[in-house]
Amino acid sequence: MDSEDKMKNISVLLISMLFLTACGGGSGDSHSNDKEQLASQDLYRMTGDPLFNLELSRYRIDQKNNLSVAYLRQGMSGLDAVKNYVTQEGISTFMPQKLDKETYLIGENAHFDGETLAYTVSNYSPEKPFLNSTGKPLLISNQFKKIDVSGLPLVEDKNNVVRQLYSSATGQILAALLGLYYDASDRFPKGSVCWQKQSVKNSQDYIEFYPDTTIQHVSEDSVIQTIAHWNYVDWTKFKQGEGQPNLANVQLSIEGKNYWGFYHEQNESFKDTPNEFACDYLNEVAFKAVSRSIEKLLNKPNEEK
């Protein structure tokens, strides 16, 4: 099997990987120099199953404080580009504005100071406001812990795509069938930084869902945690099983059609696993190291094991 065939096969094996970066400014930039900018800082995220497409995206805050996402693999669109919203105040079902072929506007009034990434959701403006709606925007503020990962093995990061591939028996079997190889000794080079998500503060509870995309979800036979009714939207929240944190667990019924998504409370927190770290955001140095490990995985022949 040549490298081109491997690439085609691995595209259905590896998990989602998001790429976060933004423009730095000159002396006239509206951002102050003492703040950490979204300059070549990269985000990747695990979606919960090793049989997903590899997806690269770039997030950017421009000089007007607009947050956009660009999908770097032609023909690929991640969930941020097809995400809709429901709150107790209304439902917003229009898609993020497409800025060019593969770039979408997802946030406004955005800023990143090295610890907080905050923005107003650009495609939340209820076209059908519910009774007593205040019309307030949906604000999201992510809090991170900055970690110097220089010298640490890449696979110690529990979100590492190579680690995720080899973390299941299925992934190991498929990797063996495809003749894939990785070097467990690969380490983050000097200057590598990652940001681990600690908590999120939202201006109101909301449900994100995907009307034009089929996403993996829990079984409808799962334990029911909540049944609720928001105006003409009925929704049911199911319990996620062990190892299913990335499976959609909220089923919505809107005007006779069913959709799946995730419920977000106003205050969400993420507990660190002892002796482990999870990189949600990476700077350019760390991201390039991860990218090189994937290239080695795809291109190194099996006989070199």
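The figures follow:
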{"item": "Qualifying chymotrypsin sites (Phe, Trp or Tyr not before Pro) in region 54-148, DSSP loop, other Cβ atoms within 10 Å at most 16", "result": "Phe94, Phe130"}
{"item": "Restricting region 191-257 to chymotrypsin sites (Phe, Trp or Tyr not before Pro) in coil, as DSSP defines it, with at most 15 other Cβ within 10 Å", "result": "Tyr232"}
{"item": "Distance between modelled label sites at Ile215 and Arg292, nm, 7 Å Cα→Cβ extension", "result": "3.4 nm"}
{"item": "Assigned charges on the beta-carbon of Lys, Arg, Asp, Glu; region 134-273 dipole about Cα centre (debye)", "result": "460 debye"}
{"item": "Listed pairs Lys101/Lys296; Lys136/Lys288; Lys158/Lys257 exceeding 32 Å between Cα atoms", "result": "Lys136/Lys288; Lys158/Lys257"}
{"item": "Convex hull volume of region 212-264 per residue (C-alpha atoms, cubic angstrom)", "result": "88 Å³"}
{"item": "Cleavage-rule hits, trypsin sites (Lys or Arg not before Pro), region 97-183, DSSP coil, Cβ neighbours within 10 Å at most 10", "result": "Lys101"}
{"item": "Computed over region 156-251, the ratio Rg/Rh where both radii use C-alpha atoms and Rh is Kirkwood", "result": "1.08"}
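Just so you know, all these numbers are worked out from the coordinates, no wet-lab data involved. Here the structure is a predicted model, which means the values were calculated and not measured. Cβ: placed from backbone, ideal geometry, glycine included. Neighbour counts: every protein chain shown.
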